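Report on the structure given below.
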Amino acid sequence: MRKVLMVSAAIVIATSLSACVTTSTSGSVYRPYQTQNEMTVRMAVVEQVREVTIAQGNSGVGTLTGAALGNIAGSSMGGGRGSTATGIVGAVVGGIVGHNIESQNNMRKGLEITVRLDNGELRAITQDADEMFRPGERVRLLSDRRTTRVSH
């Protein structure tokens, strides 16, 4: 029973830690360095909206946390050399599980929004799917030197 609780705790902790790694590319969320900066505003009409998946990438936190917790859980099984072997197996399995949990937590829904600027140029901007856009809608493009976001 103790072993099951340790493995369950390891999975919960790995899930919790890997969830902390994601950041947003939302059209509505600003990071501190983006505030109080002038942005260029251009008007456009939405031509097309396509659903995409935004993959944030892995930091390695999930893999390392899973490996550490897997090692602890595996080492508690068996005795002597057996606990060393199960610790190694637990670390490998825990690392794989932690990596997969982090990968899934770092995937989110996004939109690729193609717009036609008033001067006729086409632009495509990808951002989180936290605001819906429809072809034919009039929108604003807010741009600084690094990012462009689409908003109503």
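Nothing in this text is a laboratory measurement; each read-out follows from the coordinates by a stated rule. No experiment lies behind these values; they were computed from the predicted model shown. Here the Cβ positions follow ideal geometry from the backbone for every residue, glycine too, while neighbour counts run over all protein chains shown.
Please work out if Arg146 is out of contact with any helix residue (DSSP H, G or I) (no Cβ under 7 Å at 6 or more places or on another chain), part of a loop (DSSP other than H, G, I, E, B), basic (Lys, Arg) and under 30 Å from Ala44 (Cα atoms).
Working: out of contact with any helix residue (DSSP H, G or I) (no Cβ under 7 Å at 6 or more places or on another chain): yes; part of a loop (DSSP other than H, G, I, E, B): yes; basic (Lys, Arg): yes; under 30 Å from Ala44 (Cα atoms): yes.
Yes.
Being out of contact with any Gly (no Cβ under 6 Å at 6 or more places or on another chain) and part of a loop (DSSP other than H, G, I, E, B) is the filter here, so list the residues in the range 130-143 that pass it.
The answer is Asp130, Met132, Phe133, Arg134, Pro135, Gly136, Glu137.
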